[in-house]
Every structure is written in structure tokens, then in C-alpha cells.
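Shown next, in C-alpha cells, is the structure this report addresses.
The values are calculated or read from the model by the stated rules, or taken from the named source; none is laboratory data. Keep in mind that what you see is a predicted model, and the values were worked out from it rather than measured. Neighbour counts run over all protein chains shown; Cβ positions are idealised from the backbone, glycine included. Remember, those area values only see protein heavy atoms, side chains included, never the ligands or the DNA or RNA. Shrake-Rupley method; radii C 1.70, N 1.55, O 1.52, S 1.80 Å.
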Amino acid sequence: MSVPEHLWRFPSAAAIDSLAKRFGLPNSPEMQDWPWEVADAERLDEFLDAYESGELCDDERFTLMEMILQSFEDLGRSIGFDARWQCALDALDRNIDLHAYSVWYWSVPESENHNAQWLVTPFLRRILEKHRHHLSHARDRRTVVASDPPETPAPGFVARERTAGVVDQQSLATFIEEMAADFKRHPETWENADLHSFLTALAYWVEGMDGFYRNMGEAVPETPSWSTVAEMLAAAKVYE
């Protein structure tokens, strides 16, 4: 599913750990799609109560909503008259900026093939259409890696707002986990999709990174920060 990159968001390791402990769910490195694997339609009331409890951070609510969507999908029947489903839709609509990725992903807007859609898709498409203009124009500056930035960012660029949010060891680890998840889900957006080309691009970008910061009107970092490391990795994804 082609979700605009400025809307990308993925479950963080910290959120998964927290929710696994809260609900007594399994959690192991082999579970690559954790929210979908632990979804449970029989626990929807519990999941929805936790979402609205005010006790969860944004990363936890984002991850829990993925569990909720998959749980409704697993019901395997019409959900239009289920009051709990309306509660979930209200939460998605109310918190669209938090759940933009999920709404876009599950809506499958690029497909008219009903076989490529999910049970929840028609409902989420209504929310997407309501907010599509807002979401489509909610772009921040992209990570640009060429000396003359293109007017239209090329596929695969990572929003600088995201790399700027990398401020410590844990947030860098989360960012790297997001890149790994992105590579698994959207390998077609990676210009450098093997280790050799990725490391080569990383080296070339680091060699020329002074020009990148000057073109952005920013001072060249004398000492790399956590966010600088994130920008290096993000640039290596697409740098040629």
C-alpha cells in the first residue's frame, strides 16, 4: 500500500513492550508484525477501554489502534452495526494526525479491486476522504541529499521533522526500527536496497554532508548529534 512518506509511522519497540506487559501478550523478535499477530476480537472491549483511558502515550495508542483494526478485521462479519466499531471510527476521526498512516494504509485508496480490500476499508475510506486535503498538505521539509533539491521530493525521502525527533539513544533505536519495518513493507522505495549499496551511499553522503547543510541554510555540525546520525541513515536509503 502506498502511503505518502510524510505520514509514515510504525510501532515502536517501547510501545510494543508496554502493551505486551499491560495485556499479557507474547512478544518476541520473531514477531515482525506484532500488532496484527496479537490482535484478538474477543478482547476488543478491553482494547478500546485502554485506548480511551488516558493512560497511554501516543506511540502506545497508535500501536493499540493497529491491534484494534486487525481485531475488527478478524471478526469476519459485518461490523457496521457494532457500537464498538463506531467508537473506533470516532477515535480515528478525532485523532487523525496520530492515525493518519493507519487510515491511509487500511483504506487502500489506490485500489478499486474489492479482493484487495479489507472488511474495514470502506469505513476508513470515508475518514480518509474527509481529511485527505489536510493530510496531503501536512508535509514538512524533506531530507534532501542533492546539491540542487528537486521541487517534488523523490520517493523514499524521510521527513526532516522525523529525524529532528531523534534526540537520544532510545529515539535513535526506534528510528532504526522504523527504517527496518519500512524496508520490509516498502522495499520499492529504497534506492539502496542491499547492504553494499547502502553502506556505499552512506559513505558518499557523509563525505558531502557539508553541502547538504549549507543548502538547507544550516550550520554544518561540528560534532554529530543523535539526529545527525538519523539523517545519515535516512539519506543512505535513497542517495545515489
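Determine the share of the chain's accessible area contributed by carbon and sulfur atoms, expressed in whole percent, with a 1.4 angstrom probe.
Values: 6450 of 12530 Å².
After summing per-atom areas, the C and S share lands at 51 percent.
Please arrange Ser225, Ser102 by accessible surface area, largest first, computed with a 1.4 Å probe and ligands excluded.
On the way: Ser225 50, Ser102 0 Å².
Most to least solvent-accessible, the answer reads Ser225, Ser102.
Which whole-number value in Å² is the accessible area per residue of the chain, probe 1.4 Å? Could you put the intermediate results ahead of the total?
On the way: 12530 Å² over 240 residues.
Counting only protein heavy atoms, the per-residue value for the chain is 52 Å².
Taking all protein chains together and a probe of 1.4 Å, list Lys237, Lys21, Lys184, Lys130 from the most accessible to the least accessible. It would help to have the intermediate numbers written out before the result.
Details: Lys237 0, Lys21 170, Lys184 105, Lys130 135 Å².
Listed by decreasing accessible area, they come as Lys21, Lys130, Lys184, Lys237.
What do you get for chymotrypsin sites (Phe, Trp or Tyr not before Pro) in segment 1-92 restricted to DSSP loop and a cutoff of at most 10 other Cβ within 10 Å of the site's Cβ?
Values: sites: Trp8, Phe23, Trp36, Phe47, Tyr51, Phe62, Phe72, Phe81, Trp85; in loops: Trp8, Phe81.
Filter output for segment 1-92: Phe81.
In degrees between 0 and 90, to the nearest 10, how far off the longest principal axis of the chain does helix 169-185 point, with axes built from Cα atoms?
70 degrees
Once both axes come from the Cα atoms, what is the angle between helix 58-75 and the longest principal axis of the chain, in degrees from 0 to 90, rounded to 10?
Compared with the principal axis, the helix lies near 50 degrees.
For segment 24-138, with only Lys/Arg (+1) and Asp/Glu (-1) charged at the beta-carbon, what is the dipole magnitude about the Cα centre, in debye rounded to 20? Intermediate results must be reported in sequence, preceding the final value.
Working: 9 positive and 23 negative charges, 121 e Å.
Dipole size: approximately 580 debye.
Give the cross-link partners of Lys184 among the lysines, using a straight C-alpha distance below 22 Å as the criterion and excluding same-chain residues fewer than 8 apart.
Within the straight-line limit of under 22 Å, Lys184 reaches these lysines: Lys237.
What net charge do the residues around Trp226 carry, taking every other residue with its C-beta under 13 Å from that of Trp226, with Lys and Arg at +1 and Asp and Glu at -1? Before the final figure, lay out each step's value.
On the way: positive: Arg162; negative: Asp168, Glu231.
Charge balance near Trp226 sits at -1.
Compute the signed sum of charges (Lys and Arg +1, Asp and Glu -1) over the other residues within less than 11 Å, Cβ to Cβ, of Ala100.
On the way: positive: Arg9, Arg132; negative: Asp97.
It works out to a net charge of +1.
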